Structures are given as structure tokens and as C-alpha cells.
1. Out of (1) at pLDDT 90 or above; (2) part of a strand (DSSP E or B), what's the single condition that is false for E55?
2. Only one residue in Y93, Y65, Y76 is exposed (fewer than 13 other Cβ atoms within 10 Å of the Cβ), more than 28 Å from R2 (Cβ to Cβ) and of a type in the set (S, T, Y). Which one?
3. Condition first: of a type in the set (A, V, I, L, M), under 23 Å from S118 (Cβ atoms) and either at pLDDT 90 or above or not in a helix (DSSP H, G or I) (or both). Can you find one or more residues in the range 82-97 that meet it?
4. Given (1) of a type outside the set (G, A, S); (2) at pLDDT 65 or above; (3) assigned to a helix (DSSP H, G or I), where does V128 come up short, assuming only one miss?
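The values are calculated or read from the model by the stated rules, or taken from the named source; none is laboratory data. All figures in this text were calculated on a predicted structure; none of them were measured in a lab. Glycine gets a Cβ as well: all are built from the backbone with ideal geometry, and neighbour counts include every protein chain shown.
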Amino acid sequence: MRYKDSEEQRIYIKQASENGQFEYVYAGLDVLGSTPWKINRKVFDVVIQVWNSGERVGKVPPAVYDKPEPEFPPNYTTDMKEKKVFLQRQKAYNQAKANNHSDRCSVNYKLEIARAVSRSHILAIVEVIFFLPFPDLIVPE
């Protein structure tokens, strides 16, 4: 089981496991682990088409961040309140732009896994299913 750096969570999980409270969870994971998965080729092709367009569609982030940068106020040097507001907006813009890049990299990584799985007919790693932005991309065989 994954958990954050929390001693309390670790102890709770250990006790719950020892008390048999995770048996259904383990059984469910066993079923998922033994289920062969394949790439839904129609969905994959559509996602690749959207990806290659570079546009924002659904959970696919755009190739180039598409929100406007905050405008520089004319009284930036004289009005400290305006300067502060502008700097906050600029910081938020830069963070959103960095998040867009991060999201784009994440989706690209998941698409490459799907591409590799579809080419080699290897069973998909179950963990990937839970993080794909497209739930219909990997389906049971």
C-alpha cells in the first residue's frame, strides 16, 4: 500500500492488514492483476489525433499554453498595490504555464506506454489504468 510520510498511516495500515480488513482489497487487486488488458485502438487513435493537433481538448493540455499573460500596468513603478497585484498574477500565470507543461509531459508518458503496449501485445500494467486521463483507452480483453 502507498501512503504519504505518515507514521500514523503506516501503523493503521499494518494493524488493518493484520486484522484481515484488507482481504477484499487484496482479492480485488488479484483479479485486476490476472485480467489481461488491451488498448482500445479506436480511442487511442482519437487521442493521438487530438495530441498531434496541439489543442486543448478534454484532459489533453495544449502544446502551447493558451491563456494570456497578465498585462503590465502603466503605473507599475508608482503604485505599490498595482505592482503587488501584477506580481501575484504573473506568478499565478507562470505556475499555470509550468503546470500545463507538466501535464503535457504526463499525458505524453502515458500515451507512450499505451503505444508500447499496443505494439508489443504486452499486458498493460494495472497501475497505469488508474492514472490515465482517458478511462476507455485500456480495456479488459
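1. Every listed condition holds for E55 apart from (2).
2. Step by step, each of Y93, Y65, Y76 is checked, and only Y76 is exposed (fewer than 13 other Cβ atoms within 10 Å of the Cβ), more than 28 Å from R2 (Cβ to Cβ) and of a type in the set (S, T, Y).
3. No - not one qualifying residue is present in the range 82-97.
4. Status for V128: all satisfied but (2).
This table checks each residue for (1) of a type in the set (K, R); (2) out of contact with any Gly (no Cβ under 7 Å at 6 or more places or on another chain); (3) part of a loop (DSSP other than H, G, I, E, B); (4) modelled with pLDDT under 90.
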residue: Y26; (1), (2), (3), (4): no, yes, no, yes
residue: D30; (1), (2), (3), (4): no, yes, no, yes
residue: K42; (1), (2), (3), (4): yes, yes, no, yes
residue: Q49; (1), (2), (3), (4): no, yes, no, no
residue: Y65; (1), (2), (3), (4): no, yes, yes, no
residue: E69; (1), (2), (3), (4): no, yes, yes, no
